1. For a footprinting-style exposure proxy, rank Glu155, Glu71 by other Cβ within 10 Å, fewest first.
2. Could you run the Karplus curve 6.51 cos²θ - 1.76 cosθ + 1.60 with θ = phi - 60° over the stretch 126-140 and give me ³J(HN,Hα) per residue in whole Hz, x for Gly and Pro?
3. Once R0 is set to 35 Å, what does the formula 1/(1 + (r/R0)^6) return for the Cβ-Cβ distance between Ile193 and Arg24, expressed as a FRET efficiency to the nearest 0.05?
4. Based on other C-beta atoms within 10 Å, arrange Val86, Val46, Val73 from fewest to most.
5. Would you pull out the residues with amide H under 5 Å of Ser191's amide H, same chain only if 5 or more places away, H placed 1.01 Å from N?
6. For the stretch 51-240, with equal point scatterers placed on the C-alpha atoms only and solvent neglected, what are the log10 I(q)/I(0) values from the Debye formula at q = 0.08, 0.09, 0.12 1/Å, to two decimals?
Amino acid sequence: MNEKLRAKNTDRVTRPRTSKKRLRISRIVAWALAVVLLAPAFFVLVYRFAPPPITPLMIIRSWEGESRNYEWVPLDRISPQLARAVIAAEDQNFCSHTGFDIEALKKAWASYGHPGETMRGGSTISQQTAKNSFLWPGRTWLRKGLEAWLTFYVEALWSKTRILEVYLNIAEWGPGVYGAEAAARHHFGKSAIQLTAYEAALLATILPSPRKWSASNPGPYVQSRAGVNLGRAARLGPLAGCLYIK
């Protein structure tokens, strides 16, 4: 009888302790999730107003011993021709989507799974801005997942104009060359506001592979693609309607 009473009393003591332990674990998990989910919003909100002082890619290149040519300029000091050319070349639905181009993603997914193929393409300017601002380069599922999460915040907290402004200022346009101002001076010896339509098309064309292709010394492929992008930029019309909306 005494043994049964002792067992019953022990059970009463153990249960509250177990409940308290579970409650503490639940609180820790809740706080961890809150940090993971909300912390990115803080940094995205900061960059809504302040220029990114540096990006993860710049840090990586610096560790590799590469110099950094980076000068932030506001969007009104970048040729509208470059803004139009980049939208035409990279993301023609930029003004209408909410961060993700579903049709482009479908095409990218269709190519995935073929022999020798990896998940590629389908990234909007919004996604690339989120990646360039906060993440490392690469094609892993982890990085893509974080990119998608940050893209939600970027689209929610920034205007389309701000997204484009940040993208044009931190994109890599050659070894150690970041942003439209540095790119214009490096490739054409002029400021970004002075770029012609064709020069802008050349810069937009090399964005997918700026360390392999050159805007100032374009090969036949880059010249051909620049001509295509030049025509697309001229025909954007309403597709570029969000360019200067604050």
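The numbers here are math on the coordinates, done by the rules we state, and not lab data. Only a predicted model underlies this, so the values are computations on that prediction, with no experimental measurement involved. Here the Cβ positions follow ideal geometry from the backbone for every residue, glycine too, while neighbour counts run over all protein chains shown.
1. Numbers: Glu155 21, Glu71 15.
Sorted ascending by nearby Cβ count, the order is Glu71, Glu155.
2. 4, 5, 5, 5, 4, 5, 5, 6, 10, 10, 8, x, x, 10, 6
3. Computed FRET efficiency for Ile193 and Arg24 comes out at 0.05.
4. Details: Val86 26, Val46 11, Val73 19.
By the 10 Å Cβ count, ascending, the order reads Val46, Val73, Val86.
5. Amide H neighbours of Ser191, under 5 Å, 5+ apart: none.
6. -0.24, -0.31, -0.56
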